[in-house]
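Participant: Please find one structure pasted underneath; my questions will follow.
The values are calculated or read from the model by the stated rules, or taken from the named source; none is laboratory data. This one's a predicted model, so the numbers in the text were calculated from it and none came from an experiment. Reconstructed Cβ throughout: ideal geometry from the backbone, glycine too, with neighbour counts over all protein chains shown. Only protein heavy atoms, including side chains, enter the accessible area calculation; ligands, DNA and RNA are left aside. Shrake-Rupley method; radii C 1.70, N 1.55, O 1.52, S 1.80 Å.
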Amino acid sequence: SKQTTAVQKDLALTSEEANAMNLRLQSVAMNARNGVVNINDMRGALLNVNEQLGIATSAIRDDIVEEMAILAKTTNLSAEAQGNFAKDAILSGKNAHEITKAARATVEAQVKQGKLGLNVNKILDEAGQITGVMAANFGFSIERMAKALTLSKQLGISLEQTKGIQSGMLDFQTSIEN
């Protein structure tokens, strides 16, 4: 099929490897915890994660491919956020669905506590798009980034503004030490 050829080309697979990958993705789709995803969603998730991470491998774990396909289809999680959710799963060794569940539960608890009407899916997407030094400050943990993002929204400020406040506090501390 056209999709199998795309996977074969994008991941530099032989036709036998591409057929094996197709069978693997079909199996993941058939056994997915959510019945709304199909093999095309799985292919798309695999290719997207590879693209977002800047790699070309068929070795992305099945739980990651499945979860990214489900999130893309059911919550419209952006490609960039999917890449960072996948990175969290790879770096932590945790199951991708467990990461999503924990992050969602954290945001929902914060929203309930703050009595704010925040869109949980949008917060998860935004948390998944945090990169660079800020992501490193949170240990690349989607759950930690989602919690910080929710708290900052409850305060009516962005995470970027909290970074400015933090550096201002450090400057204040330095100035009183001198």
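Participant: With respect to Ala69, determine if the residue is touching a helix residue (DSSP H, G or I) at 6+ places or on another chain (Cβ under 9 Å), of a type in the set (A, V, I, L, M) and modelled with pLDDT under 90. So that I can check it myself, show each step before the final result.
Facilitator: Numbers: touching a helix residue (DSSP H, G or I) at 6+ places or on another chain (Cβ under 9 Å): yes; of a type in the set (A, V, I, L, M): yes; modelled with pLDDT under 90: no.
No.
Participant: I've got another one for you. Considering region 94-131 alone, what residues qualify as being in a helix (DSSP H, G or I) and farther than 25 Å from Val65 by Cβ?
Facilitator: Going through region 94-131, the residues in a helix (DSSP H, G or I) turn out to be 96-114, 120-128.
Passing the criteria: Glu108, Ala109, Gln110, Val111, Lys112, Gln113, Gly114.
Participant: Restricting to region 140-161, give me the number of residues that are surrounded by 13 or more Cβ atoms within 10 Å (Cβ to Cβ) and outside any loop (DSSP other than H, G, I, E, B). Quick ask: steps written out before the conclusion?
Facilitator: Restricting attention to region 140-161, the residues satisfying the condition of being surrounded by 13 or more Cβ atoms within 10 Å (Cβ to Cβ) are 140-154, 157-159.
Narrowing further to those that are outside any loop (DSSP other than H, G, I, E, B): 142-154, 159.
Going through region 140-161 one residue at a time, the tally reaches 14.
Participant: Still on this model: Looking at region 46-64, is at least one residue open to solvent by 40 Å² or more (accessible area, probe 1.4 Å) and at pLDDT 95 or above?
Facilitator: yes
Participant: Could you tell me which residue of region 22-34 is nearest to Thr75 (Cα to Cα), considering only residues that are surrounded by 13 or more Cβ atoms within 10 Å (Cβ to Cβ) and not β-branched (Val, Ile, Thr)?
Facilitator: Here is the first cut: in region 22-34, the ones surrounded by 13 or more Cβ atoms within 10 Å (Cβ to Cβ) are 22, 24-29, 32, 34.
Pick out the ones that are also not β-branched (Val, Ile, Thr) and you get 22, 24-27, 29, 32, 34.
Values: Asn22: 25, Arg24: 24, Leu25: 21, Gln26: 22, Ser27: 23, Ala29: 17, Ala32: 16, Asn34: 13 Å.
Here the answer is Asn34.
Participant: Restricting to region 54-95, count the residues that are touching a Lys or Arg at 6+ places or on another chain (Cβ under 8 Å) and within 13 Å of Ala32 (Cα to Cα).
Facilitator: The number of residues fulfilling the criteria is 3.
Participant: Sticking with this one: Given the residues Asn40, Asn19, which is the only one that is open to solvent by 20 Å² or more (accessible area, probe 1.4 Å) and under 25 Å from Ser78 (Cβ atoms)?
Facilitator: Values: Asn19 fails: under 25 Å from Ser78 (Cβ atoms).
Within the list Asn40, Asn19, the selection yields Asn40.
Conditions (1) at pLDDT below 85; (2) open to solvent by 40 Å² or more (accessible area, probe 1.4 Å); (3) not β-branched (Val, Ile, Thr), marked per residue:
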{"residue": "Ala109", "(1), (2), (3)": "no, yes, yes"}
{"residue": "Lys115", "(1), (2), (3)": "yes, yes, yes"}
{"residue": "Ile123", "(1), (2), (3)": "no, no, no"}
{"residue": "Gln129", "(1), (2), (3)": "no, yes, yes"}
{"residue": "Phe138", "(1), (2), (3)": "no, yes, yes"}
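Participant: Kindly indicate the residue of region 1-36 that is among the polar types (S, T, N, Q) and not in a helix (DSSP H, G or I) and also modelled with the lowest pLDDT among those meeting that condition.
Facilitator: We begin by selecting, within region 1-36, every residue among the polar types (S, T, N, Q); these are 1, 3-5, 8, 14-15, 19, 22, 26-27, 31, 34.
So of that shortlist, the ones also not in a helix (DSSP H, G or I) come out as 1, 14, 31, 34.
On the way: Ser1: 71, Thr14: 90, Asn31: 93, Asn34: 82.
If we take residues in region 1-36 being among the polar types (S, T, N, Q) and not in a helix (DSSP H, G or I), then Ser1 is modelled with the lowest pLDDT.
Participant: Restricting region 69-98 to residues that are among the β-branched types (Val, Ile, Thr) and open to solvent by 10 Å² or more (accessible area, probe 1.4 Å), which is farthest from the chain's Cα centre (by Cα)?
Facilitator: Step one: list which residues in region 69-98 are among the β-branched types (Val, Ile, Thr), which gives 70, 74-75, 90.
Keeping just the survivors that are open to solvent by 10 Å² or more (accessible area, probe 1.4 Å) gives 74-75, 90.
Values: Thr74: 14, Thr75: 12, Ile90: 11 Å.
Step by step, filter region 69-98, then rank; the result is Thr74.
Participant: Just to verify a result, which residue in region 37-59, among those that are assigned to a helix (DSSP H, G or I) and of a type in the set (Val, Ile, Thr), is farthest from Lys87 (Cα to Cα)? Break it down stepwise before answering.
Facilitator: Within region 37-59, the first condition is being assigned to a helix (DSSP H, G or I), and the residues that meet it are 39-53.
Filter once more, so that each one left must be of a type in the set (Val, Ile, Thr): 39, 49.
Details: Ile39: 22, Val49: 9 Å.
Among them, the one singled out is Ile39.
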